[in-house]
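Enquirer: Structure in structure tokens, see below.
The values are calculated or read from the model by the stated rules, or taken from the named source; none is laboratory data. Predicted, not measured: the structure shown is a model, and the values here were computed from it. Because the Cβ atoms are built from the backbone with ideal geometry, glycine has one as well, and the counts that use them run over all protein chains shown.
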Amino acid sequence: MLRDDDPPERKIAKLTRISSVLVDRIDRLEETRGSGWSMFQAAVALEQEVMARTRQLEQALDDLSQRNRELGVARAAAEEANRSKTRFLRAASHDLLQPLSAARLFLSALTDTPMDETQKELTDRLAGAFESVEQLMHAVLDISRLDSQRIEFHRKSVSLSELFGRLSAEYRPMADEKGLTLTFAPTSVMVDSDPVFLRRIAQNLVSNAIKYTRTGRVLVGIRRKGDTAWLEVHDTGPGIPAIDRNRIFDEFQRLGNDGGATGMGLGLSIVRRACKKLGHPIRLDSEPMRGTVFRVGLPLIDETAEDCTAPASSGTRALRGRVALVVENDPGMRRGYQLTLGDRLGMVPRLAAGTDEALATMGEEPVDLILADYNLEAGDTGIVAIRALREQAGHPIPALMVTARRSPEIARACAEMGVPLIEKPVRADELQAVIEQVLA
């Protein structure tokens with residue numbers, strides 16, 4: 001504090017100190033004010049940046065929602081197209097397979113007649129062509145069904161002995177033609193599976209083994225391990241290189257070293273799809289130039305099951321003179337059945353186009369067998385025909401059903417009636433084997 005009696009020098013010194021303090025305080029105030037201003041400006045800029053990014057995010061979310069809506073519409077359209085394709089194939093399968101089935105029966109009847117070498121060669125080539133068309137049609141229909149989200153399996157107890165018997169009758173001629181030994185090891189095993197698709201799995205594995213084997217043998221058998229029965233198909237073919245063991249299960253995949261095999265490369269794709277849907281594990285072991293073995297794991301039903309092997313066939317002698325009532329609305333198929341049952345098997349075929357006509361013929365003489373097509377006219381079906389004929393006869397006449405429709409409802413109905421189901425195209429050898437089994 002300044003005093004009046006202070007010397008001028010002292011006053012000046014004091015005023016200088018006071019001024020310095022005031023200047024420092026003002027500087028500090030200015031610095032503080034500048035820092036706050038900068039923070040305020042930074043906050044404003046950050047808020048503007050956040051608003052801009054928020055608008056961009058909202059726009060991106062709007063675009064994503066629009067894309068999701070477009071994808072949803074496209075997915076719904078694709079699913080509907082797939083369902084439409086499945087419905088079309090299901091509806092068209094009967095009309096596609098009906099003429100092929102009739103042609104097969106006619107060709108089988110033709111091969112039983114005397115022919116010269118040229119005619120025999122032509123019938124062999126026709127049989128091969130029919131075989132290729134049949135395999136392709138079965139593959140397309142099977143893949144369509146297995147890709148459907150609404151597929152329904154009809155799981156039941158399946159006799160592998162019975163399955164092996166049908167496979168042997170179906171594929172032995174194919175193996176004999178190539179000079180291969182085809183062996184089915186005897187078994188009494190019962191497994192839990194869908195009988196239609198299990199047979200398709202086995203068919204594709206056995207057919208594949210025969211096609212890709214030049215010399216040697218194909219062995220089909222069962223190996224039990226715990227509660228699983230492993231269906232094994234061994235061959236002595238060229239083997240599968242390790243690099244190719246995954247891709248062979250894809251569509252249209254065939255190995256170059258194939259032993260002259262033909263086909264579209266769809267069989268193993270069907271096997272993988274069916275096994276995945278049914279929960280059956282599949283394994284592959286192979287050694288180059290030493291062969292391949294495919295294994296499919298099947299749940300055992302009863303390891304102590306009695307031997308269900310079908311009685312040994314006594315050939316066509318056991319069928320001669322037996323009366324077979326055929327219920328089929330297609331004239332070509334009726335004629336094909338007439339030739340196969342009458343000329344080939346020595347049976348007495350009686351033909352009817354539907355249930356009413358079949359019932360009208362029942363009084364003529366006792367019927368030993370009913371052979372009915374599922375699809376008849378005007379809503380009539382083979383199931384209706386078999387039930388009506390059995391009711392009129394007063395006892396369960398042995399019967400079998402033939403159909404081009406791969407429907408779990410039909411399979412269930414046939415299983416409930418104890419009627420074997422044969423899919424078109426009908427093979428004469430398979431038809432004979434099933435008839436012998438039914439009448440045994």
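Enquirer: What is the one condition in (1) at pLDDT 85 or above; (2) in contact with a Gly (Cβ under 9 Å, 6 or more places away or on another chain); (3) at negative phi that G321 does not satisfy?
Expert: So G321 meets the others, but not (3).
Enquirer: Within the stretch 214-232, can you find the residues that are crowded, with 22+ Cβ neighbours inside 10 Å and within 25 Å of P288 (Cβ to Cβ)?
Expert: Within the stretch 214-232, V218, V220, L231 meet the criteria.
Enquirer: While we're looking at this one, here's another question. What do you reckon, is L231 under 20 Å from S157 (Cβ atoms) and either in contact with an Asp or Glu (Cβ under 8 Å, 6 or more places away or on another chain) or touching a residue at least 60 places away in the same chain (Cβ under 8 Å) (or both)?
Expert: It is true that L231 is under 20 Å from S157 (Cβ atoms) and either in contact with an Asp or Glu (Cβ under 8 Å, 6 or more places away or on another chain) or touching a residue at least 60 places away in the same chain (Cβ under 8 Å) (or both).
Enquirer: Of the residues L345, L371, L351, L341, which single one is within 15 Å of L319 (Cβ to Cβ) and in contact with a Phe, Trp or Tyr (Cβ under 8 Å, 6 or more places away or on another chain)?
Expert: Every option except L371 fails the conditions.
Enquirer: Quick one: G342 ticks every box in (1) crowded, with 16+ Cβ neighbours inside 10 Å; (2) closer than 19 Å to L107 by Cβ; (3) not charged (D, E, K, R) except a single one, so which number is it?
Expert: (1)
Enquirer: Surrounded by fewer than 16 Cβ atoms within 10 Å (Cβ to Cβ), out of contact with any strand residue (DSSP E or B) (no Cβ under 6 Å at 6 or more places or on another chain) and in contact (Cβ under 8 Å) with a residue 24 or more places away in the chain - does that describe any residue in the stretch 185-192?
Expert: Looking for residues that are surrounded by fewer than 16 Cβ atoms within 10 Å (Cβ to Cβ), out of contact with any strand residue (DSSP E or B) (no Cβ under 6 Å at 6 or more places or on another chain) and in contact (Cβ under 8 Å) with a residue 24 or more places away in the chain, one finds at least one in the stretch 185-192, hence yes.
Enquirer: Shifting gears a bit: Could you tell me whether any residue of the stretch 306-318 is surrounded by fewer than 17 Cβ atoms within 10 Å (Cβ to Cβ) and modelled with pLDDT of 75 or more?
Expert: yes
Enquirer: Does the stretch 400-422 include one or more residues that are within 21 Å of R322 (Cα to Cα), of a type in the set (A, V, I, L, M, F, W, C) and without any contact (Cβ under 8 Å) to a residue 24 or more places away in the chain?
Expert: yes
Enquirer: Kindly indicate whether any position in the stretch 257-266 is at pLDDT 80 or above, closer than 28 Å to R155 by Cβ and either under 21 Å from the mean Cα position of the chain (by Cα) or in a helix (DSSP H, G or I) (or both).
Expert: Checked the stretch 257-266: no residue is at pLDDT 80 or above, closer than 28 Å to R155 by Cβ and either under 21 Å from the mean Cα position of the chain (by Cα) or in a helix (DSSP H, G or I) (or both).
Enquirer: Would you pick out the residues in the stretch 416-430 that are assigned to a helix (DSSP H, G or I) and in contact with a Leu (Cβ under 8 Å, 6 or more places away or on another chain)?
Expert: Passing the criteria: only A428.
Enquirer: State all residues of the stretch 171-200 that are out of contact with any Pro (no Cβ under 7 Å at 6 or more places or on another chain) and among the acidic types (D, E); if no residue qualifies, say none.
Expert: D176, E177, D194 - these are the residues of the stretch 171-200 that are out of contact with any Pro (no Cβ under 7 Å at 6 or more places or on another chain) and among the acidic types (D, E).
Enquirer: Do we have L389 as at pLDDT 90 or above, over 32 Å from the mean Cα position of the chain (by Cα) and surrounded by 20 or more Cβ atoms within 10 Å (Cβ to Cβ) here?
Expert: yes
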